[in-house]
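The values are calculated or read from the model by the stated rules, or taken from the named source; none is laboratory data. Just so it is clear, the model here is predicted, and its values are computed rather than measured. Cβ coordinates were reconstructed from backbone atoms using ideal geometry, including for glycine residues, and neighbour counts include every protein chain displayed.
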Amino acid sequence: QVQLRESGPGLVKPSETLSLTCTVSGYSISSGYYWGWIRQPPGKGLEWIGIIYHRGNTYYIPSLKSRVTISVDTSKSQFSLKLSSVTAADTAIYYCAHAEGFGELTPYYFDYWGQGTLVTVSS
Amino acid sequence: DIQMTQSPSSVSASVGDRVTITCRASQGITRRLGWYQQKPGEAPKLLIYATSSLQTGVPSRFSGSRSGTDFTLTISSLQPEDFATYYCQQATDFLFTFGPGTKVDIK
């Protein structure tokens, strides 16, 4: 059973960089297809941020592409999210997840999710 | 970019009711669509992938279908644990989009 757990600061100051790590257990991240980040502002809907292939290929939502970096460390079974120059609009619950693509060559849904971590941007 | 709309935005229903939620894609996405259930304070849970395939462990009262660019999630007989918000989601060319969600609450 794949398990994911997000970790990182719960409070980030405006203009600084948000950094989160997702630790994967019960599954080899090296053979795990794609891994992604999704966020959810309080009381609002889900927004996909980006995904990374275990070999390092990354894809990001265009609206955040200039500020987002997702990386993977297979030796630690972790992948990470960095979001620079944050503002209050980046306050959200951040989820990491495993992306799958049954029957297709590329991923198109998320089958395993972490429990999420709330990040608040405030001075 | 492909946009996803959902209707209704909310629905009030009773236990035992049949509930249908529709998701429309702004352009063709073949069968690359999933449905998620989210309860307050919890992470989303995958219910259906590939338009109509039931994720392991999900009750058979949930089903999915497609007609053109319209996708439907049906709960055949609503149970108390089904009161939640439901999201559709597609991905094409490595761009993922969620629908705005449909809240199912108690009538």
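Things to note:
- Test set (1) crowded, with 16+ Cβ neighbours inside 10 Å; (2) assigned to a strand (DSSP E or B) - B:A43 fails condition number: (2)
- Answer from B:P44, B:P100 - the residue that is in contact with a Phe, Trp or Tyr (Cβ under 6 Å, 6 or more places away or on another chain) and within 11 Å of chain A (Cβ to nearest Cβ): B:P44
- Considering A:D90, A:D73, the condition of being buried (at least 18 other Cβ atoms within 10 Å of the Cβ) and of a type in the set (D, E) is satisfied by A:D90 alone.
- Residue satisfying all of: in the range B:86-97; more than 7 Å from every other protein chain (Cβ to nearest Cβ) and under 9 Å from the mean Cα position of the chain (by Cα); farthest from B:M4 (Cα to Cα) among these: B:Y86
- Check on A:I49, within 14 Å of chain B (Cβ to nearest Cβ), surrounded by 13 or more Cβ atoms within 10 Å (Cβ to Cβ) and touching a residue at least 12 places away in the same chain (Cβ under 8 Å): yes
- Looking at B:V11, B:V58, just one residue is under 14 Å from the mean Cα position of the chain (by Cα) and either closer than 30 Å to A:R5 by Cβ or modelled with pLDDT under 95 (or both), and that residue is B:V58.
- Among the candidates A:T69, A:T58, A:T117, the residue that is closer than 21 Å to B:Q89 by Cβ, of a type in the set (S, T, N, Q) and free of Cβ contacts under 8 Å to residues at least 24 places away in the same chain is uniquely A:T58.
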